[in-house]
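Chemist: Got a structure here, written out as structure tokens. Questions coming.
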Amino acid sequence: MTQSVVVQVGQCGNQVGCRFWDLALREHAAVNKKGVYDEALSSFFRNVDTRSGDNGPDIYKGKICSLKARALLIDMEEGVVNEILQGPLRDVFDSKQLITDVSGSGNNWAVGHKIYGCQYRENIVEKLRKTAEHCDCLQCFFIIHSMGGGTGSGLGTFVLNLLEEEFPEVYRFVTSVYPSGEDDVITSPYNSVLAMKELNEHADCVLPIENESLFEIVNKIHQMINSGKLGSTVKPNSLVTSSAGSAKTLQEKPFDAMNNIVANLLLNLTSSARFEGSLNMDLNEISMNLVPFPRLHYLVSSLTPLYTLADVNVPSRRLDQMFSDAFSRDHQLIQADPKHSLYLACALLVRGNVQVSDLRRNIERLKPSLHFVSWNQEGWKTGLCSVPPVGHSHSLLALANNTCVKPTFIELKDRFMKLYKKKAHLHHYLQIDGMEQSCFSEAVSSLSDLIEEYNELDATKGGPRIDPSRLKIAV
Amino acid sequence: MSIVTVQLGQCGNQIGHEVFSALCSDIRGTHGLCSKKENESYQDSCKERFFCEEESAVPVARAVLVDMEPKVISQTLSMAARSGHWKYSSHSHFCQKQGSGNNWANGYSVHGPRHKEAIMNLVQKEAEKCDRLGGFFTIMSMAGGTGSGLGAFVTQCLRDAFPTSFILNHVIWPYGTGEVIVQNYNSVLTLSHLYHSSDALLVHENDVIHKICSQLMNIKQISFRDVNQVIAHQLGSVFQPTHTAGGGSGYSRNPLGDLMETLVPHPEFRMLGLRNIPQMPENSLPYSTFSWPGLIKHLRQMLIANAQMEEGIDWQVRPPHPGSSIPSRNKPLHFNTSIANLVILRGKDVHSVDLGSFQDPSLYTSWLNPQDAFNAWRTPRAFNKYEKSASLVSNSQFLLKPLDSIVGKAWNMFASKAYLHQYTKFGIQEEDFLDCFTTLEQVISSYTNL
């Protein structure tokens, strides 16, 4: 069994990360009734003997003593991390996993990347090494951050670079929250584009998330619950947005519902690596199957169902609805419509009481309405995990490498150019040691190249299918 | 003689478990329909072939379990132990912590060499436990990374370490519509490598078995377990003990050797397909009766028309006019030409069955005498509660179309260079791919021109 380490950077990263750990504990508590520290738990948690204080040895088998998250919490302001440490999750982290500062990055990528990066480099490397040493077989780093700010964006991508240098064999999965058009941080386009260049070059897989989509999903759920349309009640802990049943007992903060969705995304992504199933899908398989060319590693994700009705009977029709929903526009975690764009590859990870025939039936059903690139007409990667998420009898995570990410990138570039043409706020960046105009031009060029690669693929969509001629053998 | 089974990857281990389960439940069953003496002889033969008797009194499967991650093996071991009727040896498995990531190159070039010694040690130990080693049976899928890549490497190692033993690879072909996106690459790499080291490839296609589950077994929500159980039944119907034609009164001592001898006369042609009838849900068995003429007629037409199961057979297909030498391109379309066939009959009245229709020369190529091209094994002992059952192992054009389809799709993807970076980073270069494509195009061409 392998282990994964979560590196949460910045305010957004830490808030999402906090929800992730909370829900992870909830999930394992539901599955692991006997309180035994098993391999599934070990993928994200250490079991520490705290009787001799915080520096106790790791216990690899037997009863759970004290679970510690395999995580690194990094923020250049203290507020968010302090809150986590005073909250119900305080025992899950220890002081050796934190890196904080006081003044923040001022929404400036350069401050996060160049100044704090330089300053904290050794500290970060040392703490990463320590975390890695506690792992028997470290497979993957999960970075959670936002793109629009200074710390998550700048320092987060600095850490990404570091991970590639220090741990080249370990996968780097990045969950990035992209700013929306109405973002209140004026310089968010600069920060995002500068960060994109790093993601292009150093990440194995990126799961882009847009706040707008999360917000719409949360609204949709509220409407469904409050409309009274549902005949029966919704199981509270089945909401993909809910914290019910987790350690969090204080009043939910406004972003909690949205962050829970991202947390659930990560839990579902790793479920087949942690739990058993008839067709396992490990993290290295995700990268292998969904990344046909090194730079095209942006995966659009969708989670269904968003909630479960309280009645237990799940006829096959509802199961099929779950598959249909996964491809609908309003279940995607970015503002995109994969159905009308071109698929390079698609992965379906199903959890719970679903069998291969259900999977096949739905793939056959949905295939005709989807456009796949000519060299990957049957480009489906599937996984079946027996353990469903809390509150559901089954669930589906769809990951698509689809050209529908292109509009998000194009908009980002447009917003960037609007500011850049007028050189607005540029001096805040250029006055930082190590920053030059070329950083900007290279970054936007990298983004343009990426957009162009998607354009070229889109151009092949719907065109005539000419299969290359096969090798001829002399008879 | 004993057969050592090597279960590779998730698929190999899941199927392997079902196979040993089926074999064990068959010999423990009371539906043998034959004399006590016959039954005992059958049980002893099966046990010698597949199980090791240890003091524990529960038979221990002669198997080595290999996987690059631990979840499946631990499940497999515990499921076997829980059955109470058989188990795996506690020292016969090898696993690592991180899987092969569906990457053939990772399985073949990285895991293979790294773990060769450990794995071959386990195989050696199992081989030494056999009084007489009859050969190796490997179970693997070709779509993933471990079964396919590491499986190809292990097969090569087996060939090097046991140059005179028979090696039969049981290969699972994935669903046409993706289980793994790079499955066609992995398949091409696997098949071409196996062709160089193994004696024969016995193939099961997931799509075909799935259809059997839905149309013949009436299973509504088909799980991989259901698919694997049908596969296990079909394998059992071939490998459970039988009397070979000229073998005298005892059970055949050398099943793998006999199989190779009858079915693989030429090294260019090693792909074996498997058909088994009848196939039905267990609870329908008491209400069904079959006649041997009916079963044989269906089985023969399944061979000629390349039908995947006993429903939906195309009865229009006929062999070409006997006696005339027709060049292959003029043969009637859809007719499945055979190089060699083996029919295995189990159950009531087997010795009275007339198999003359399978010896019709028009079914075969002209290289072998029809007497040599066709063989039959029989036993009066019924298998797995089927009063009468017949299996066909065929070296014919059965797999030509599926093989061509896989190679075509892989070539299509290769032309766009998609995913190649994932393989080159583990040492498999474009030239290696080209070599594999060439090997398989040769195989396709050979089978097409039968």
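Chemist: For segment A:422-475, give me the residue count where each residue is in contact (Cβ under 8 Å) with a residue 12 or more places away in the chain and basic (Lys, Arg).
Modeler: Looking only at that region, the number is 2.
Chemist: A further question on this structure: Considering only segment A:442-465, state which residues are more than 10 Å from every other protein chain (Cβ to nearest Cβ) and assigned to a loop (DSSP other than H, G, I, E, B).
Modeler: Answer for segment A:442-465, where residues must be more than 10 Å from every other protein chain (Cβ to nearest Cβ) and assigned to a loop (DSSP other than H, G, I, E, B): A:Lys461, A:Gly462, A:Gly463, A:Pro464.
Chemist: Right, next: Of everything in segment B:173-217, what is of a type in the set (A, V, I, L, M, F, W, C), within 12 Å of chain A (Cβ to nearest Cβ) and more than 16 Å from B:Gly273 (Cα to Cα)? Give them in sequence order. Give the steps one after another, and end with the answer.
Modeler: Of segment B:173-217, the ones of a type in the set (A, V, I, L, M, F, W, C) are B:173, B:180-182, B:188-189, B:191, B:194, B:200-203, B:208-209, B:212-213, B:216-217.
Narrowing further to those that are within 12 Å of chain A (Cβ to nearest Cβ): B:180-182, B:188, B:209, B:213, B:217.
Listed by number, the residues that qualify are B:Val180, B:Ile181, B:Val182, B:Val188, B:Cys213, B:Met217.
Here's the yes/no breakdown for (1) surrounded by fewer than 23 Cβ atoms within 10 Å (Cβ to Cβ); (2) among the acidic types (Asp, Glu); (3) closer than 24 Å to B:Gly101 by Cα:
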site	(1), (2), (3)
B:Asn169	no, no, yes
B:Glu179	no, yes, yes
B:Gln183	no, no, yes
B:Leu191	no, no, yes
B:Asp207	yes, yes, yes
B:Gln215	yes, no, no
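Chemist: Let me ask you something else. Looking at (1) at pLDDT 90 or above; (2) more than 12 Å from chain B (Cβ to nearest Cβ), which one does A:Val312 not meet, given that it meets all the others?
Modeler: (1)
Chemist: Return the pairs, sorted by first residue and then second, in which the second residue is buried (at least 24 other Cβ atoms within 10 Å of the Cβ) and at pLDDT below 95, the first residue lies in segment B:178-192 and is of a type in the set (Lys, Arg), the beta carbons are less than 8 Å apart, and the residues are 6+ apart or on different chains.
Modeler: Within 8 Å, no pair qualifies.
Chemist: I've got another one for you. For segment B:401-433, give me each residue that is part of a loop (DSSP other than H, G, I, E, B), at the interface with another protein chain (Cβ under 10 Å from one of its Cβ atoms) and among the small types (Gly, Ala, Ser). Break it down stepwise before answering.
Modeler: Of segment B:401-433, the ones part of a loop (DSSP other than H, G, I, E, B) are B:416-419, B:425-429.
Adding the requirement that they be at the interface with another protein chain (Cβ under 10 Å from one of its Cβ atoms) leaves B:416-419, B:425.
Passing the criteria: B:Ser416, B:Ala418.
Chemist: B:Gly144 versus (1) surrounded by fewer than 24 Cβ atoms within 10 Å (Cβ to Cβ); (2) within 14 Å of another protein chain (Cβ to nearest Cβ); (3) of a type outside the set (D, E, K, R): which is the lone unmet condition?
Modeler: Every condition holds for B:Gly144 apart from (1).
Chemist: With within 14 Å of another protein chain (Cβ to nearest Cβ), crowded, with 18+ Cβ neighbours inside 10 Å and modelled with pLDDT of 95 or more as the only criterion, which of A:Phe158, A:Phe173, A:Phe142 stands out? Give the derivation first.
Modeler: Values: A:Phe158 fails: within 14 Å of another protein chain (Cβ to nearest Cβ); A:Phe142 fails: within 14 Å of another protein chain (Cβ to nearest Cβ).
Residue meeting the stated conditions: A:Phe173.
Chemist: Related question: Out of all the residues in segment A:378-400, is one or more free of Cβ contacts under 8 Å to residues at least 24 places away in the same chain, farther than 25 Å from A:Lys339 by Cβ and either assigned by the TED database to the domain that holds A:Phe293 or surrounded by fewer than 20 Cβ atoms within 10 Å (Cβ to Cβ) (or both)? Lay out the reasoning, then the answer.
Modeler: Going residue by residue through segment A:378-400, those that are free of Cβ contacts under 8 Å to residues at least 24 places away in the same chain are A:378.
With the extra rule that they be farther than 25 Å from A:Lys339 by Cβ, the set shrinks to none.
No; the residues of segment A:378-400 include none that is free of Cβ contacts under 8 Å to residues at least 24 places away in the same chain, farther than 25 Å from A:Lys339 by Cβ and either assigned by the TED database to the domain that holds A:Phe293 or surrounded by fewer than 20 Cβ atoms within 10 Å (Cβ to Cβ) (or both).
Chemist: As an exercise: evaluate B:Asp44 against (1) more than 14 Å from chain A (Cβ to nearest Cβ); (2) part of a helix (DSSP H, G or I); (3) touching an Asp or Glu at 6+ places or on another chain (Cβ under 6 Å) and give the number of the one condition it does not meet.
Modeler: If we test B:Asp44 against (1) more than 14 Å from chain A (Cβ to nearest Cβ); (2) part of a helix (DSSP H, G or I); (3) touching an Asp or Glu at 6+ places or on another chain (Cβ under 6 Å), just (3) comes out false.
Chemist: Restricted to segment B:390-400, and to residues that are assigned to a helix (DSSP H, G or I) and touching a helix residue (DSSP H, G or I) at 6+ places or on another chain (Cβ under 7 Å), which residue is farthest from the other protein chains (Cβ to nearest Cβ)? Lay out the reasoning, then the answer.
Modeler: So in segment B:390-400, the residues assigned to a helix (DSSP H, G or I) come out as B:397-400.
Remaining after also requiring touching a helix residue (DSSP H, G or I) at 6+ places or on another chain (Cβ under 7 Å): B:397, B:400.
Details: B:Gln397: 16, B:Leu400: 14 Å.
Looking at residues that are assigned to a helix (DSSP H, G or I) and touching a helix residue (DSSP H, G or I) at 6+ places or on another chain (Cβ under 7 Å), I get B:Gln397.
Chemist: Can you name the residue in segment A:268-278 that is buried (at least 23 other Cβ atoms within 10 Å of the Cβ) and hydrophobic (A, V, I, L, M, F, W, C) and is also nearest to the other protein chains (Cβ to nearest Cβ) among such residues?
Modeler: A:Ala273
Chemist: Out of segment A:378-389, which residues are in contact with a strand residue (DSSP E or B) (Cβ under 6 Å, 6 or more places away or on another chain) and within 10 Å of another protein chain (Cβ to nearest Cβ)? Please lay out each step first, then the result.
Modeler: In the first step, residues of segment A:378-389 are kept if they are in contact with a strand residue (DSSP E or B) (Cβ under 6 Å, 6 or more places away or on another chain); the result is A:379-385, A:388-389.
A:Gly379, A:Trp380, A:Lys381, A:Thr382, A:Gly383, A:Leu384, listed by residue number.
Chemist: For B:Asp226, which of the numbered conditions (1) more than 30 Å from A:Val291 (Cα to Cα); (2) more than 12 Å from every other protein chain (Cβ to nearest Cβ) fails to hold?
Modeler: (2)
Chemist: Among the residues of segment B:340-392 satisfying the criterion of being over 20 Å from B:Leu33 (Cβ atoms) and among the acidic types (Asp, Glu), which is surrounded by the fewest Cβ atoms within 10 Å (Cβ to Cβ)?
Modeler: That would be B:Asp354.
Chemist: If you take the residues in segment B:94-140 that are free of Cβ contacts under 8 Å to residues at least 40 places away in the same chain and within 14 Å of chain A (Cβ to nearest Cβ), which one is nearest to B:Glu48 (Cα to Cα)?
Modeler: By that ranking, first place goes to B:Cys95.
Chemist: Let me ask you something else. If I go through segment B:36-63 residue by residue, how many of them are more than 18 Å from B:Gly135 (Cα to Cα), in contact with a Pro (Cβ under 8 Å, 6 or more places away or on another chain) and without any contact (Cβ under 8 Å) to a residue 40 or more places away in the chain?
Modeler: Adding up the residues that qualify gives 1.
Chemist: Considering only residues that are crowded, with 21+ Cβ neighbours inside 10 Å and away from chain A (no Cβ under 14 Å), look in segment B:61-85 and name the one that is farthest from B:Ser25 (Cα to Cα).
Modeler: So the residue we want is B:Val66.
Chemist: Which strands (runs of 3 or more DSSP E) sit wholly inside segment A:319-430 and have at least 1 residues that are basic (Lys, Arg) and closer than 21 Å to B:Gln10 by Cβ? Break it down into steps so the answer makes sense when it comes.
Modeler: Values: elements: A:342-352, A:380-385, A:394-402.
Per the criteria, A:342-352, A:380-385.
Chemist: Also: Keeping to segment A:89-125, report how many residues are modelled with pLDDT of 90 or more and exposed (fewer than 13 other Cβ atoms within 10 Å of the Cβ).
Modeler: Number of matching residues: 3.
Chemist: So, in segment A:360-377, exactly how many residues are within 10 Å of chain B (Cβ to nearest Cβ) and either surrounded by 24 or more Cβ atoms within 10 Å (Cβ to Cβ) or free of Cβ contacts under 8 Å to residues at least 12 places away in the same chain (or both)?
Modeler: Final tally of qualifying residues: 6.
Chemist: Of A:Ser66, A:Ser4, A:Ser43, which residue is among the polar types (S, T, N, Q) and surrounded by fewer than 21 Cβ atoms within 10 Å (Cβ to Cβ)?
Modeler: Details: A:Ser4 fails: surrounded by fewer than 21 Cβ atoms within 10 Å (Cβ to Cβ); A:Ser43 fails: surrounded by fewer than 21 Cβ atoms within 10 Å (Cβ to Cβ).
After applying the criteria, what remains is A:Ser66.
The values are calculated or read from the model by the stated rules, or taken from the named source; none is laboratory data. Remember, it's a predicted structure, so these values are computed and weren't measured experimentally. All Cβ positions, even for glycine, are placed from backbone atoms using ideal geometry, and neighbour counts span all protein chains on display.
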